[in-house]
Amino acid sequence: MVLAHTIVIAAIDSALPSGLTGIADMLALVKLGFAKCIKDGQVKMDSWEPTILTASYDGSPIKDGQGQKFHVNAALRDISHCDAVLIPGFLPDSKGHLPYCLTDKTTQLWLADQHHHGALVCGSCSGAFALGEAGLLDGRRCTTTWWLYYEFKRRFPSTDIAWGSGFVVEDRVITAGGPLSWIDITLHVIRSLAGAQTARIAADFAVVDTVPRFQSIYVPQDYLMATDPFLAEAEQIVRYALNRRLVVQDLAASMAVSERTLHRRLKELTGEAPKAFIDRLRIESACTLLQASDQPIKSIAMVLGFSEETVFRRLFRRYTGLTPTGYRALLNAGVNHKVMQQQVSNSKFNN
């Protein structure tokens with residue numbers, strides 16, 4: 001049986017050319033993988049022959065992030081139905097800023113309409129900003145690249161964005177962090193539409209991991225200090241107190257400020273209240289512990305100062321979109337031991 005789907009790569013001005021072409025290349029590797037597996041008699045499965053369209057709103061060429069003309073083969077307005085839409089990241093200006101209006105109203109409405117009718121809608125890195133402009137992230141958990149986190153919070157305050165999360169899925173809206181995370185969203189689309197085995201074939205032929213990594217391991221040590229010393233100090237205090245129950249009053253006292261001042265400053269800098277700030281950092285550390293050891297979930301919860309395992313599990317799912325068990329299972333299924341150890345040794349939370 002032949003599985004047929006339509007996948008749209010949305011071409012928008014200032015898009016990273018590597019994402020625009022890379023997504024199409026990754027999908028082409030699926031067909032190559034099928035051909036080899038069938039030829040060698042190693043795997044028998046239904047064939048998957050998706051229709052892949054690169055499309056701007058009106059079908060005209062766009063100017064990519066490198067200033068080059070990028071030709072498309074379709075117009076978004078002429079596509080009444082698709083199974084998935086993928087939006088690569090955008091190249092910021094020399095100061096690291098993105099345009100305030102990446103998409104026009106008609107593109108925003110088209111994206112919202114496709115999601116409403118069942119399509120997977122995916123944003124890689126700063127591609128999440130396009131989903132935010134379309135209103136698809138309001139009230140939803142999402143992520144973007146770590147260095148645009150606070151800008152994203154300012155532009156889309158009604159979203160529930162996860163700092164440093166590599167990958168978030170909620171209600172068919174998929175966001176991922178980092179300029180090359182178009183690989184992660186493409187593999188997710190393949191997995192969702194054609195199955196896990198097909199995604200593994202694509203990953204094998206592209207020589208990539210099937211599980212997104214946690215962004216925190218890549219953040220430069222001095223990034224937060226350069227952003228704001230107050231924020232750097234707050235993060236350091238929380239991280240060094242992860243083995244005990246740290247409450248807002250403790251954090252305020254350690255920083256020699258009132259709880260009111262702490263709340264105001266953290267809201268200004270991160271968009272989070274102090275408790276949410278503390279919870280997020282604890283969950284980031286939980287992800288590292290799930291990678292680093294085979295400790296039971298209950299033990300990890302206790303190590304991080306959670307008095308009840310159920311509270312930890314609920315909070316973990318809220319911040320990552322997965323249960324702790326599910327997160328660990330994905331890691332075990334998709335990342336080999338050598339890569340896992342490298343992630344742990346590079347983690348700034350591994351003290």
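The values are calculated or read from the model by the stated rules, or taken from the named source; none is laboratory data. From a predicted model like this one, the values you see are computed outputs, not experimental measurements. Here Cβ is always computed from backbone atoms with ideal geometry, including for glycine, and neighbour counts include all displayed protein chains.
Some points to look at:
- Every residue from the range 125-149 that is touching a Leu at 6+ places or on another chain (Cβ under 7 Å) and touching a residue at least 60 places away in the same chain (Cβ under 8 Å): Ala130
- Subset of the range 121-156 (residues that are among the aliphatic types (A, V, I, L, M), closer than 13 Å to Val168 by Cβ and not in a helix (DSSP H, G or I)): Val121, Leu136, Leu137
- Of all residues in the range 94-111 being part of a loop (DSSP other than H, G, I, E, B) and touching a strand residue (DSSP E or B) at 6+ places or on another chain (Cβ under 7 Å), the one that is modelled with the lowest pLDDT: Leu98
- Leu86 passes every criterion in (1) at pLDDT below 95; (2) under 15 Å from Leu193 (Cβ atoms); (3) not in a helix (DSSP H, G or I) apart from (1).
- Among the residues of the range 173-199, those identified as of a type outside the set (Gly, Ala, Ser), crowded, with 24+ Cβ neighbours inside 10 Å and outside any helix (DSSP H, G or I) are Ile174, Thr175.
- Tally, over the range 306-330, of residues that are surrounded by fewer than 17 Cβ atoms within 10 Å (Cβ to Cβ) and either on the phi > 0 side of the Ramachandran plot or in contact with an Asp or Glu (Cβ under 9 Å, 6 or more places away or on another chain) (or both): 1
- Residue within the range 203-222 that is at pLDDT below 80, in contact with a Cys (Cβ under 9 Å, 6 or more places away or on another chain) and hydrophobic (A, V, I, L, M, F, W, C) present: yes
- Which listed residue, of Ala15, Ala10, is over 21 Å from Arg191 (Cβ atoms), crowded, with 22+ Cβ neighbours inside 10 Å, hydrophobic (A, V, I, L, M, F, W, C) and at pLDDT 95 or above: Ala15
- Meets criteria (modelled with pLDDT under 95 and assigned by TED's automatic domain parsing to the domain that holds Ile190) for Leu91: yes
- Check on Ser254, closer than 21 Å to Leu322 by Cα and free of Cβ contacts under 8 Å to residues at least 60 places away in the same chain: no
- For beta carbons closer than 6 Å, sequence separation of 6+ or different chains, a first residue in the range 13-24 that is farther than 14 Å from Val85 by Cα and a second that is among the polar types (S, T, N, Q), the qualifying pairs are Pro17/Gln66.
- Meets criteria (assigned by TED's automatic domain parsing to the domain that holds Leu27, within 18 Å of Val173 (Cβ to Cβ), aliphatic (A, V, I, L, M) and modelled with pLDDT under 95) for Ile161: yes
Here's the yes/no breakdown for (1) touching a residue at least 12 places away in the same chain (Cβ under 8 Å); (2) surrounded by 15 or more Cβ atoms within 10 Å (Cβ to Cβ); (3) within 19 Å of Tyr150 (Cα to Cα):
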| site | (1), (2), (3) |
| --- | --- |
| Ala234 | yes, yes, yes |
| Arg244 | yes, no, no |
| Asp250 | no, yes, no |
| Glu259 | yes, no, no |
| Gly271 | yes, yes, yes |
| Ala286 | yes, yes, no |
| Ser293 | no, no, no |
| Pro296 | no, no, no |
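- Residue match in the range 89-99 (condition: touching a Ser or Thr at 6+ places or on another chain (Cβ under 9 Å), under 22 Å from His188 (Cα atoms) and surrounded by 15 or more Cβ atoms within 10 Å (Cβ to Cβ)): yes
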